[in-house]
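J.: Next up is a structure, given as structure tokens.
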Amino acid sequence: MPLLIVENIERVYGEDSQRVAALRGVSFAATAGEFIALKGPSGCGKSTLLHLVGGMDKPTRGTILLDGMNLDQLEEDDLVSVRRRRIGFVFQFFNLLPTLSVIENVALPMLLDGATEKQARDRAAGLLERVGIGKRAHHFPAALSGGEMQRAAVARAVINQPALLLADEPTGNLDSANGSHVMEVLEELNRDLSVTVILATHSEEAARYAKRVISMRDGMIEFDRSESLLHEKLLKPV
């Protein structure tokens, strides 16, 4: 069974004359260890889809299954637990807490999940070395470059060893060199940790790191470049 099944998802905002359909019947599946890029112009529904898959929003219609769990049917406490333990998030604007050091930022999700301070800091230190900014562990975010902040954000996203990593325009605020460094980190984590990565991006350069590209337009999937027979069978209407 795939790690993730998204089936006939719709997301509508507003009512009557103000009604806007952000997603219109989106379906796809992702297996463990895949690296998928969601591509398309602004407003096509990429970020909305990531928010739904990440359990930060609920679909108007359709089903999202993660590890066999229907995210739409989970109680809020259970959904928080799934987001904390099974899903990692990387955003365009880093979202590091300015009053915490880099290592404290990275360790925070593990501490919130009940780990000891030593356990969390040891794992955070190892991840910071892995993403190439171990020497910046005790600096505050304001002292880091944009690329370094994004690498810290990636380390924070995977500290609880999630099955799924969602990255929303992670290179959008970076120059090409720093963007490439961040994408190399995501590629390495996908390969070495077998974490499934779903990346929303406008960037052709970033999308080249993915093994599969899903192109979106007007809230629908335009094409899926590596759609498999298994995928088709799973989502075939009955």
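The values are calculated or read from the model by the stated rules, or taken from the named source; none is laboratory data. Keep in mind it's a predicted model, so treat the numbers as computed, not measured. Backbone-built Cβ (ideal geometry, glycine too); neighbour counts: all protein chains shown.
J.: When residues of segment 107-131 are filtered for being surrounded by 16 or more Cβ atoms within 10 Å (Cβ to Cβ) and either at pLDDT 95 or above or not β-branched (V, I, T) (or both), how many remain? Steps first, please.
T.: Residues of segment 107-131 surrounded by 16 or more Cβ atoms within 10 Å (Cβ to Cβ): 107-111, 115, 120-121, 123-125, 127-128, 130-131.
Pick out the ones that are also either at pLDDT 95 or above or not β-branched (V, I, T) (or both) and you get 107-111, 115, 120-121, 123-125, 127-128, 130.
Counting residues in segment 107-131 that are surrounded by 16 or more Cβ atoms within 10 Å (Cβ to Cβ) and either at pLDDT 95 or above or not β-branched (V, I, T) (or both) gives 14.
J.: Then there is this: Among the residues of segment 194-236 satisfying the criterion of being closer than 21 Å to A22 by Cβ and at pLDDT below 90, which is farthest from the chain's Cα centre (by Cα)?
T.: Among them, the one singled out is L235.
J.: Please find, within segment 53-94, the residue that is nearest to R11 (Cα to Cα) out of those that are in a helix (DSSP H, G or I) and touching a residue at least 24 places away in the same chain (Cβ under 8 Å). Quick ask: steps written out before the conclusion?
T.: Step one: list which residues in segment 53-94 are in a helix (DSSP H, G or I), which gives 53, 71-73, 76-86.
Next, from what is left, pick out any that are touching a residue at least 24 places away in the same chain (Cβ under 8 Å): 53, 79, 82-86.
On the way: V53: 12, L79: 19, V82: 21, R83: 20, R84: 24, R85: 25, R86: 23 Å.
Filtering segment 53-94 for residues that are in a helix (DSSP H, G or I) and touching a residue at least 24 places away in the same chain (Cβ under 8 Å), the one nearest to R11 (Cα to Cα) comes out as V53.
J.: If L186 satisfies every condition in (1) in contact with a His (Cβ under 8 Å, 6 or more places away or on another chain); (2) assigned to a helix (DSSP H, G or I) but one, which is the exception?
T.: (1)
J.: Which residues, taken from segment 135-157, are farther than 16 Å from E184 by Cβ and either in a loop (DSSP other than H, G, I, E, B) or not hydrophobic (A, V, I, L, M, F, W, C) (or both)?
T.: K135, R136, A137, H138, H139, F140, P141, L144, R156
J.: In addition: Suppose we filter segment 14-32 for residues that are assigned to a strand (DSSP E or B) and of a type in the set (V, I, T); how many remain? Step through it out loud before you land on a result.
T.: Going through segment 14-32, the residues assigned to a strand (DSSP E or B) turn out to be 20-30.
Going one step further and asking which of them are of a type in the set (V, I, T), we end up with 20, 26.
Going through segment 14-32 one residue at a time, the tally reaches 2.
J.: Consider A30 carefully, then state whether it is small (G, A, S) and under 27 Å from L144 (Cβ atoms). First the steps, then the outcome.
T.: Numbers: small (G, A, S): yes; under 27 Å from L144 (Cβ atoms): no.
No; evaluated as a whole, the condition is false for this residue.
J.: What is the one condition in (1) touching a His at 6+ places or on another chain (Cβ under 6 Å); (2) closer than 25 Å to P109 by Cα; (3) modelled with pLDDT of 95 or more that D57 does not satisfy?
T.: (3)
J.: Go through (1) within 17 Å of the chain's Cα centre (by Cα); (2) among the aliphatic types (A, V, I, L, M); (3) exposed (fewer than 13 other Cβ atoms within 10 Å of the Cβ) one by one and return the number of the condition V20 breaks.
T.: Result: V20 fails condition (1) only.
J.: If you don't mind, there's one more thing I want to ask. Filter segment 158-179 for residues that are surrounded by fewer than 22 Cβ atoms within 10 Å (Cβ to Cβ) and assigned to a strand (DSSP E or B) and give the result.
T.: Of everything in segment 158-179, just one residue is surrounded by fewer than 22 Cβ atoms within 10 Å (Cβ to Cβ) and assigned to a strand (DSSP E or B), namely D168.
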